[in-house]
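The values are calculated or read from the model by the stated rules, or taken from the named source; none is laboratory data. Predicted, not measured: the structure shown is a model, and the values here were computed from it. Cβ placement follows ideal geometry from the backbone for every residue including glycine, while neighbour counts extend to all protein chains displayed.
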Amino acid sequence: MSSSSSISLTRFLIEEERAGHINAELRLLIEVVARACKTISIAVGKGALGGVLGDAGSPGVASMNIQGEAQKKLDVLSNEILLEANAWGGHLAGLASEEMDHSQAIPDVYPRGNYLLMFDPLDGSSNIDVNISVGTIFSVLRCPDGVTTPGDEHFLQPGTAQVAAGYCTYGPSTMLVLTVGHGTHAFTLDREVGSFVLTTRGMQIPEETKEFAVNMSNQRFWEAPMQHYVGDLLTGKEGPRGKDFNMRWVASMVADVHRILTRGGIFSYPLDSKCAPKGGKLRLMYEANPMSFLVEQAGGAATTGRVRMLEVQPTGLHMRVPVFLGSKQEVEVATRYHREHD
Ligand code: AHM
Ligand code: MG
């Protein structure tokens with residue numbers, strides 16, 4: 001890893017274009033998403049002073065998204081910021097959001113581009129009101145050839161088809177972490193200048209780890225292989241794993257994944273009997289796939305506990321999956337526990 005503090009996101013993307021990794025249209029699309037993230041960062045940073053904390057909807061009547069979850073004011077605002085920023089740019093054919101029932105084709109009044117954008121506008125939003133890191137996650141696909149007005153079905157491409165993915169974490173500093181399929185790179189927002197600056201080129205997740213991230217309160221609802229896996233982690237040096245493990249759980253996927261990209265670890269949101277009817281808790285298209293792409297590009301691994309995440313064929317825009325991602329060897333161990341049990 002090297003620090004390259006003088007390279008702006010704009011320069012980085014131009015160099016990626018010159019290297020043949022992206023075309024001008026994708027470069028400009030990523031710039032638009034990054035600009036929207038800066039706007040969201042400002043809104044998040046204002047906190048209580050911006051009047052944006054708390055639930056959306058009218059008092060006593062919470063606004064719900066397609067997932068049946070209560071929306072926060074900042075969920076709604078972040079979604080609007082991303083929609084507005086991307087509608088007129090000319091780089092997209094359509095977009096889909098965790099907060100919207102269906103995808104939207106770009107309106108006829110604007111030129112349509114060749115890409116499809118998916119995003120979770122504000123992940124970890126249960127943490128907003130307590131001033132803990134939240135983030136935006138995004139994923140870019142190609143619009144299938146010959147499709148001018150994309151519908152939901154055109155978004156149902158496996159994660160291997162992603163041409164770019166990233167997240168922006170709104171924490172003590174605002175950081176954008178990006179891949180276009182040639183490594184995973186981190187940019188830090190210089191608030192005085194207003195631009196993202198490359199701070200880590202080529203993030204590399206250590207292959208081994210002694211740190212796991214999971215919501216332990218769900219333990220009694222997990223499947224047997226997950227019970228065995230975490231049970232063995234908890235026995236420490238004396239157990240079959242032969243080392244003491246530490247645990248961390250922010251409950252903001254962006255923050256947990258950012259820690260893992262930075263210093264290693266395994267993140268899991270396994271299947272449990274509460275979320276099993278839906279297939280899992282986290283969403284394939286807005287959360288699991290973009291994070292898996294970033295993690296693989298940083299030398300890590302990502303599975304559903306059974307199969308490689310990026311090869312899962314989506315069956316619906318809001319499909320949910322179990323998630324295991326992070327340090328390669330540890331993800332392989334967790335996946336082995338699941339496969340051996342089947
Ligand atoms: P959200 O997209 O509605 O914010 O939900 C996703 C979040 C993830 O950021 C996080 O990893 C997980 O849900 C936390 O779940 P739990 O509250 O069950 O620990
Ligand atoms: Mg989310």
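Listing for the model above:
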read-out	value
Wholly enclosed strands (runs of 3 or more DSSP E) of the stretch 157-197 bearing at least 1 residues under 23 Å from Gly94 (Cα atoms)	164-170, 174-179
Count - residues of the stretch 66-105 that are within 16 Å of ligand 1 (Cβ to nearest atom), more than 15 Å from Tyr286 (Cα to Cα) and polar (S, T, N, Q)	1
Cross-chain or 6+ apart pairs with Cβ under 8 Å, the stretch 68-96 first and over 17 Å from Val140 (Cα atoms) and away from ligand 2 (no atom under 13 Å from the Cβ), then in a helix (DSSP H, G or I) and of a type in the set (Ser, Thr, Tyr)	Ile81/Thr39
Number of the condition not met by Lys274 [criteria: (1) surrounded by 21 or more Cβ atoms within 10 Å (Cβ to Cβ); (2) more than 16 Å from ligand 2 (Cβ to nearest atom)]	(1)
Selection from the stretch 83-134 of residues that are among the β-branched types (Val, Ile, Thr) and closer than 20 Å to Leu178 by Cα	Val134
Of all residues making up the stretch 232-249, the number that are in a loop (DSSP other than H, G, I, E, B) and either exposed (fewer than 13 other Cβ atoms within 10 Å of the Cβ) or away from ligand 1 (no atom under 16 Å from the Cβ) (or both)	8
Some residue of the stretch 258-275 being within 14 Å of ligand 1 (Cβ to nearest atom), under 27 Å from Val130 (Cα atoms), part of a loop (DSSP other than H, G, I, E, B) and touching a Lys or Arg at 6+ places or on another chain (Cβ under 8 Å)	yes
Yes/no for Glu31 being modelled with pLDDT of 95 or more, surrounded by fewer than 15 Cβ atoms within 10 Å (Cβ to Cβ), of a type in the set (D, E, K, R) and part of a helix (DSSP H, G or I)	no
